[in-house]
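Peer 1: Let me give you the structure first, and then I'll get to my questions.
The values are calculated or read from the model by the stated rules, or taken from the named source; none is laboratory data. Model, not experiment: these values are computed from the prediction. Note that each Cβ is placed from the backbone with ideal geometry, even for glycine, and that neighbours are counted across all protein chains shown. For the accessible areas, the whole protein counts, side chains as well, though only heavy atoms, and no ligand, DNA or RNA atoms are used. Shrake-Rupley method; radii C 1.70, N 1.55, O 1.52, S 1.80 Å.
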Amino acid sequence: MIAPTEILEQRVKNCAVVKTALTEAGKAMTENDLIKATGLALSHLRTAVQMLTDDNVIVREDGSGFGVRATYRLEDITSEIPMPQADHLTDLGRKVEQVLLLVTDRGGKESITNLAVAAYVSREDVVEALGVLHYHQSRLRWTRVGSLLLFQVAPAADEVAA
């Protein structure tokens with residue numbers, strides 16, 4: 001009998017193997033390519049891929065050819081959320097953060113456009129605030145639904161302690 005902790009440890013190791021294979025390839029890979037690169041059984045590969053997808057480490061894309069159901073690539077939001085100009089939230093950025101905290105507290109997720117409308121700021125201000133939350137504070141969480149990114153934010157460390 002295998003202990004649940006051993007199963008989880010193996011799944012984490014499998015995730016690391018898949019992530020390494022995608023990093024080394026530098027491109028999207030099919031399940032067959034990943035099986036060849038990692039040596040994992042299909043069921044173990046699919047479990048690892050699902051865990052990495054749930055954690056927003058990789059993205060599943062629809063296949064683009066005969067017999068290709070899907071491809072997987074590392075998640076990269078830098079094209080949509082570039083490095084911000086400032087390393088701290090501006091007053092407008094704090095408005096975006098407050099709206100995002102409220103949405104997150106209610107269990108929701110929000111897009112850039114809806115954040116701009118709710119906070120009464122421009123899309124550029126939202127992107128700047130999201131950049132600070134992601135690159136400088138490591139508090140931004142996101143989910144991809146098709147090509148749409150939906151965001152949540154973790155509370156600041158001082159808010160959690162209070």
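Peer 1: How many residues are under 24 Å from Leu133 (Cβ atoms), surrounded by fewer than 16 Cβ atoms within 10 Å (Cβ to Cβ) and of a type in the set (Lys, Arg) if we restrict to segment 49-104?
Peer 2: 2
Peer 1: Just one of the numbered conditions (1) out of contact with any helix residue (DSSP H, G or I) (no Cβ under 9 Å at 6 or more places or on another chain); (2) crowded, with 17+ Cβ neighbours inside 10 Å is not true of His136; which one?
Peer 2: For His136, the failing item is (2).
Peer 1: What are the residues in segment 123-136 that are touching a residue at least 24 places away in the same chain (Cβ under 8 Å) and not β-branched (Val, Ile, Thr), if any?
Peer 2: Selection gives Asp125, Glu128, Ala129, Leu130, Gly131, Leu133, His134, Tyr135, His136.
Peer 1: Ok, one more. Out of Leu89, Leu100, I need the residue that is in contact with a strand residue (DSSP E or B) (Cβ under 9 Å, 6 or more places away or on another chain) and not polar (S, T, N, Q). Which one?
Peer 2: Leu100
Peer 1: Of the conditions (1) touching a strand residue (DSSP E or B) at 6+ places or on another chain (Cβ under 6 Å); (2) open to solvent by 20 Å² or more (accessible area, probe 1.4 Å), Gly107 satisfies every one except a single condition; which number is it?
Peer 2: The one condition Gly107 does not meet is (1).
Peer 1: Within segment 14-39, which residues are within 9 Å of Thr71 (Cβ to Cβ) and among the polar types (S, T, N, Q)?
Peer 2: Result: Thr30, single match.
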